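Chemist: The structure's right below; bear with me while I get my questions together.
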């Protein structure tokens with residue numbers, strides 16, 4: 001019998017948050033959440049979905065991605081403002 005595992009899908013809506021994204025505190029918070037998920041609950045994160053991503057977010061995300069495990073990065077989905 002297969003063991004049941006709980007997984008989460010984390011959806012982050014970035015609409016109207018461009019100035020807040022630039023703050024170091026927000027960047028640190030996003031990194032700490034992702035780092036703790038990959039360290040303590042590596043199989044718990046099913047997907048991390050960023051929606052309404054502004055163009056500046058690519059630059060910000062680029063500063064965080066070198067610090068995140070490759071397996072975790074494969075679970076990340078970016079959706080621009082085409083919703």
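Nothing in this text is a laboratory measurement; each read-out follows from the coordinates by a stated rule. Small disclaimer: the values here were computed from a predicted structure and weren't measured. Cβ coordinates were reconstructed from backbone atoms using ideal geometry, including for glycine residues, and neighbour counts include every protein chain displayed.
Chemist: Would you mind checking the tilt of helix 24-40 against the longest principal axis of the Cα atoms of the chain, expressed as 0 to 90 degrees and rounded to 10?
Modeler: Between the helix axis and the principal axis of the chain, the angle is about 10 degrees.
Chemist: Next up: Test of understanding: ordering 37, 73 by Cβ neighbours within 10 Å, fewest first, what list do you get?
Modeler: By the 10 Å Cβ count, ascending: 73, 37.
Chemist: For 50, 41, what ranking results if the residue with the fewest other Cβ atoms within 10 Å of its Cβ goes first? Numbers along the way, then the final one.
Modeler: Working: 50 18, 41 12.
Final ranking by Cβ density, sparse to dense: 41, 50.
Chemist: Return the single residue from 45, 56, 14 with maximal mean-square fluctuation; model: Gaussian network over the chain, springs between Cα atoms under 10 Å.
Modeler: 56
Chemist: If you don't mind, another one. Once both axes come from the Cα atoms, what is the angle between helix 55-64 and the longest principal axis of the chain, in degrees from 0 to 90, rounded to 10?
Modeler: The angle comes out at about 50 degrees.
Chemist: If you compute Rg/Rh (Cα atoms, Kirkwood Rh) for the structure shown, which of (i) 1.08; (ii) 1.40; (iii) 1.00 do you land on?
Modeler: It is the one labelled (iii).
Chemist: Any chance you could run the full-extension gain for residue 35 through residue 4? It's 0.36 nm times the residue separation minus the Cα-Cα distance, nm to one decimal. Before the final figure, lay out each step's value.
Modeler: On the way: separation 31, 0.36 × 31 = 11.16 nm, distance 2.35 nm.
Stretched out fully, the residue 35 to residue 4 stretch lengthens by 8.8 nm.
Chemist: Between residue 63 and residue 79, what length comes free when the chain is fully extended (0.36 nm per residue of separation minus the Cα-Cα distance, one decimal in nm)?
Modeler: Numbers: separation 16, 0.36 × 16 = 5.76 nm, distance 1.85 nm.
Extra length available between residue 63 and residue 79 comes to 3.9 nm.
Chemist: Find the relative contact order for the range 8-79 and round it to a whole percent, using C-alpha pairs within less than 8 Å whose residues are 6+ positions apart.
Modeler: Computed over the range 8-79, the figure is 44 percent.
Chemist: Now a separate question. Just to be sure I understand: with springs between alpha-carbon atoms less than 10 Å apart, which residue in 42, 66, 54 has the highest mean-square fluctuation in the Gaussian network model of the chain?
Modeler: Largest GNM mean-square fluctuation: 66.
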